[in-house]
Each structure stands twice: as C-alpha cells, then as structure tokens.
1. Is there a residue in segment 59-68 that is polar (S, T, N, Q), touching a Gly at 6+ places or on another chain (Cβ under 8 Å) and assigned to a helix (DSSP H, G or I)?
2. Go through (1) in contact with a Leu (Cβ under 7 Å, 6 or more places away or on another chain); (2) within 23 Å of D111 (Cβ to Cβ) for G13 and report which single condition fails.
3. Going by the conditions given, is H64 touching a helix residue (DSSP H, G or I) at 6+ places or on another chain (Cβ under 7 Å), of a type outside the set (D, E) and closer than 19 Å to R6 by Cβ?
4. Counting just the residues of segment 102-116 that are in contact (Cβ under 8 Å) with a residue 60 or more places away in the chain and assigned to a loop (DSSP other than H, G, I, E, B), which one comes out surrounded by the fewest Cβ atoms within 10 Å (Cβ to Cβ)?
5. What are the residues in segment 80-94 that are modelled with pLDDT under 95 and of a type in the set (A, V, I, L, M), if any?
6. Going through segment 1-34 one residue at a time, which ones are modelled with pLDDT under 95 and outside any helix (DSSP H, G or I)?
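The values are calculated or read from the model by the stated rules, or taken from the named source; none is laboratory data. Everything quoted here is computed from the prediction, not taken from an experiment. Quick reminder, even Gly has a Cβ in these numbers, built from the backbone with ideal geometry, and neighbours come from all protein chains shown.
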Amino acid sequence: MTLSARSQKALQGIHPDLVKVVVRAHALCEADGRDFIVTDGLRSTAKQRELVRAGKSKTMRSRHLTGHAVDLCASHGPKDVSWDEDDLRAIAAKMKQAATELGVLIEWGGDWKSFVDMPHYQLPWKQYPAGATVAPATAAAPEPEPVAPSPALAPAGPLKTSGTIWGSIGAAFAGIGMYFEQAFSTLVQAGAALTELGPAQGLLASVGANMKAVSMGLLVMCVGVVISRRVKARQEGKAG
C-alpha cells in the first residue's frame with residue numbers, strides 16, 4: 001500500500017526531511033495494518049487567514065505557510081477517514097519512530113499545551129528556519145558554541161569615555177612637576193653654595209623633597225588610572 005494520490009499531492013512543496021518522515025511512518029503503519037492520509041500540507045496566506053478566523057488555527061506564522069508542516073488523519077478505507085484520538089495517537093507513535101530512525105527532529109501538535117492539534121506535525125523553527133532548503137542539524141548534532149566578538153573589532157566609542165585623556169593629562173602635569181622640582185633643587189643648591197646659608201638650604205631642600213614626593217605620587221596614580229581605564233575600555237569595546 002502506497003501513499004494515496006491525495007497524500008502525494010498534499011506533500012508537494014513540503015520540506016524533503018518531513019516528506020521522508022511521512023513516507024517512512026506510512027510504511028510502519030502499513031506493517032501494523034493501519035493507514036493514514038495527508039490532509040493538508042503547504043497553505044496559502046489566504047487559506048491560513050480563513051482557518052484563523054474559523055478558530056481552526058491560532059497563528060498567521062503557521063509552518064504550513066513555508067512547507068514545514070503537514071496534517072494527518074487515519075484512513076480505514078477510500079471514503080472512511082478517522083479523527084479518533086486513539087487513531088491519531090497511533091499515527092503519532094509511528095511518526096516519532098520514523099523521525100528517530102531518520103535522525104530528523106519533528107514536533108507533534110498533540111504534545112502542545114496551549115493549543116492541542118493532534119493531526120499536526122512540523123519541523124522545529126530552530127533547526128529549520130523559514131526559507132531553509134537544507135536541514136542544518138539533526139537530533140545527534142551538537143550546537144556550536146557561541147563565539148564572543150573580538151574587542152579589537154568592536155565599534156569604537158568616544159575617546160573621552162574611557163578616561164584615558166584625563167589620566168594622560170594628569171601624568172603630564174606630574175612630569176612637569178618633577179621637572180620643576182629638579183630645577184628648583186638645583187637652584188637651591190646653587191644659591192646655598194653662594195650664600196652659605198645652611199639653615200635656608202635645609203629648609204628649601206625639604207620643600208624640594210616634598211614637591212618631589214607629591215609629584216612622584218601623582219605620576220604613579222595617573223599611570224595607574226591610564227592603565228586601568230584602558231583595560232576597561234578594551235573590555236567594553238571602546239577606542240580609548
């Protein structure tokens with residue numbers, strides 16, 4: 001027993017993976033003395049809209065619109081079709097068995113919670129996006145690990161947002177301060193040598209040392225700010 005002419009016509013435009021599952025499931029049903037027909041396959045937008053208005057469907061994003069879904073019902077003869085739950089569950093068992101054998105992922109509307117649709121079978125959106133001509137994955141294929149974008153390729157933000165400019169300015173002032181401290185120290189030593197003012201030399205040298213310490217501290221702090229803010233800017237994908 002092969003698929004009826006009606007079923008073969010309904011399978012036109014359906015994704016090849018789903019067609020293979022239907023054909024295999026029909027053979028499994030035939031071995032058990034059962035039969036089913038494909039009542040619906042690819043639908044037009046107008047037909048889907050009509051079904052939604054009639055309450056027979058709940059969405060205009062149906063997989064029938066892209067050839068990723070079929071509806072099946074039991075057949076007990078040329079003019080004897082059945083929507084009986086037991087018959088539909090028997091078909092579902094064979095469809096799932098066929099899908100497992102072929103390594104194809106399918107979804108059965110009878111397993112849904114919000115809108116139970118026992119005649120309905122579809123390929124999952126995730127593995128079979130609309131417009132896909134080849135199934136990108138099967139049940140046994142692992143999903144690829146997501147790859148984080150390289151910070152070097154991330155869009156550059158305003159330079160000032162990283163704080164690097166202010167750190168650089170602070171470091172420059174610290175360097176200038178150290179330069180003037182050195183010049184001042186040299187001047188103090190020269191003046192002390194000329195005037196032989198020991199106490200004054202000690203006092204001025206102390207002032208110079210304090211300036212040097214402050215300048216060094218400022219320089220170290222600003223360098224630390226520059227380094228830390230640049231690291232943070234790289235992590236955030238900014239240019240600075």
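1. Here is the first cut: in segment 59-68, the ones polar (S, T, N, Q) are 59, 62, 66.
Still in the running and touching a Gly at 6+ places or on another chain (Cβ under 8 Å): 66.
Still in the running and assigned to a helix (DSSP H, G or I): 66.
Yes; the residues of segment 59-68 include at least one that is polar (S, T, N, Q), touching a Gly at 6+ places or on another chain (Cβ under 8 Å) and assigned to a helix (DSSP H, G or I).
2. (2)
3. Details: touching a helix residue (DSSP H, G or I) at 6+ places or on another chain (Cβ under 7 Å): yes; of a type outside the set (D, E): yes; closer than 19 Å to R6 by Cβ: yes.
Yes, satisfied.
4. First pass over segment 102-116, keeping only residues in contact (Cβ under 8 Å) with a residue 60 or more places away in the chain: 102, 104, 106.
Narrowing the set further to residues that are assigned to a loop (DSSP other than H, G, I, E, B) leaves 104, 106.
Working: V104: 22, I106: 26.
Step by step, filter segment 102-116, then rank; the result is V104.
5. Scanning segment 80-94 gives a single hit, V81.
6. Hits for segment 1-34 are M1, T2, L3, S4, D32, G33, R34.
The rows are residues; the columns are (1) farther than 16 Å from Y121 by Cβ; (2) at pLDDT 95 or above.
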| position | (1), (2) |
| --- | --- |
| S57 | no, no |
| R63 | no, yes |
| G67 | no, yes |
| P78 | yes, no |
| K96 | no, yes |
| L102 | no, yes |
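The rows are residues; the columns are (1) of a type in the set (D, E, K, R); (2) under 35 Å from the mean Cα position of the chain (by Cα); (3) under 28 Å from A130 (Cβ atoms); (4) buried (at least 19 other Cβ atoms within 10 Å of the Cβ).
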residue	(1), (2), (3), (4)
A5	no, no, no, no
A10	no, no, yes, yes
R43	yes, yes, yes, yes
A54	no, no, yes, no
S62	no, yes, yes, yes
G67	no, yes, yes, yes
T100	no, yes, yes, no
